[in-house]
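Worksheet: the structure to be examined is printed underneath.
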Ligand code: HEM
């Protein structure tokens, strides 16, 4: 409910809320520890790590002299202040947690409804032992699983859409609708992904195979679960990687079954993400 309150009210409410303050302190302490750990690395390790680790690259851009930077204009400022860095790290946590877990919940629900898809994923994994550490090359070779992850994100995008604000007046080319500087435009991911003009196989069908052939070259904006352009999701590669690894591991161990129309009825509810409402699956451990 708090996210629907006007900003001033929600920030007053959160400042007065004991549980929120306590959670904030714990998270900040944890994030500060991560920063200190990065700062304690040797110069060689820092320059190596900032190429492969997002947190390390942000920590490496910490301002040396915050007071001097604060005196400069926005254009002249370089690097991040400590408080900006903490906010960025907090954003990764908030933006990366519920989105990915929601996508996984949809994966489990959809697998329970499509046993033949589970069998195809399992077939692709034949020969991989359960305690094998997967190489990136092996994960990249799981082409069908890629299609499944894409189809889960198309069929049930965890985020419904995004907003863009016009910086100049414009007119839509086909409809002639006039838009003005400052207008907000909603880009609805779910609607785009179900637009029958963009998909050869009925978009109302859950069909990972579409990405193997007829719908492989779909319009780039028909499927944008991570947004697009300068402000697209910075964590999308990590999210896809997490989804793929967890989905593959799950399919090595278990088979999800439909728990029946009463408990596994689907539906959704909207919070920060679009979450499945009724999931009731059976879990059978494979030999
Ligand atoms: C299935 C998982 C995820 C989905 C569906 C998702 C989706 C999105 C979407 C739709 C946006 C807005 C993009 C736009 O307006 O064009 C966004 C922004 C963002 N995401 Fe994700 N995301 C996911 C996972 C993650 C992860 C794992 C992280 C970080 C570890 C992350 C960090 C961010 C950040 C920091 C932004 C804000 C970028 C900005 O405003 O410049 N996301 N995400």
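Take the alpha-carbon centre of the stretch 29-51, take the same for the stretch 67-144, and report the distance between them in whole Å.
Result: 21 Å between the Cα centres.
Once you keep just the Cα pairs under 8 angstrom separated by 6 or more residues, what percentage relative contact order results for the chain?
18
Given the Cα-Cα distance of residue 139 and residue 30 and 0.36 nm per residue of separation, how much length would full extension add, in nm?
Length difference between fully extended and current span is 36.1 nm.
So what's the angle, to the nearest 10 degrees on a 0 to 90 scale, between helix 82-113 and the longest Cα principal axis of the chain?
That helix lies at roughly 10 degrees to the long axis.
Using the 10 angstrom Cβ neighbour count as an exposure proxy, how do 251, 34, 275 rank, fewest first?
With the fewest neighbours first, 251, 34, 275 line up as 34, 275, 251.
With the crude spin-label approximation of a point 7 Å out along Cα→Cβ, what separation in nm comes out for residue 164 versus residue 216?
Rounded to a tenth, the inter-label distance reads 2.9 nm.
Distance between Cα centroids, the stretch 195-242 to the stretch 149-178: provide it in whole Å.
Centre-to-centre distance over Cα atoms comes out at 14 Å.
To the nearest 0.05, how large is the calculated FRET efficiency for residue 271 and residue 53 if R₀ is 30 Å and r is the Cβ-Cβ distance?
After rounding to 0.05, the efficiency reads 0.50.
Can you compute the equivalent ellipsoid semi-axes for the chain, i.e. the square root of 5 times each eigenvalue of the Cα gyration tensor, sorted largest first and rounded to whole Å?
Those come to 36, 28, 21 Å.
Once you order the gyration tensor axes a ≥ b ≥ c over the Cα atoms, which shape class does the stretch 143-248 get: rounded for a/c under 1.5, otherwise prolate or oblate by comparing a/b with b/c?
It is oblate, given that a/c is not under 1.5 and a/b is not larger than b/c.
So for the pair residue 200, residue 116, with labels modelled 7 Å out along Cα→Cβ, what separation do we get in nm?
For the pair residue 200/residue 116, the computed spacing is 1.8 nm.
Once you sort the root eigenvalues of the Cα gyration tensor of the stretch 54-192 as a ≥ b ≥ c, which label holds: rounded (a/c under 1.5), prolate (a/b larger than b/c) or oblate (the other case)?
Oblate.
Using a Förster distance of 35 Å, how high is the FRET efficiency between residue 231 and residue 284, based on the Cβ-Cβ distance and rounded to 0.05?
Using R0 = 35 Å, I get an efficiency of 0.25.
Decide, for the stretch 2-90, between rounded, prolate and oblate: order the square roots of the alpha carbon gyration tensor eigenvalues as a ≥ b ≥ c, take rounded if a/c falls under 1.5, and otherwise choose prolate if a/b is larger than b/c, else oblate.
Taking the square roots of the gyration eigenvalues as a ≥ b ≥ c, the stretch 2-90 is oblate.
Order the peptides 217-223, 16-22, 203-209, 147-153 from the highest to the lowest mean number of other Cβ atoms within 10 Å of their residues.
147-153, 203-209, 217-223, 16-22
Read the figures in this text as sums done on the coordinates, not as results from a lab. The structure presented is a predicted model; accordingly, all values stated were derived computationally and were not measured. Every residue, glycine as well, gets a Cβ built from its backbone with ideal geometry; the counts of neighbours run over all protein chains shown.
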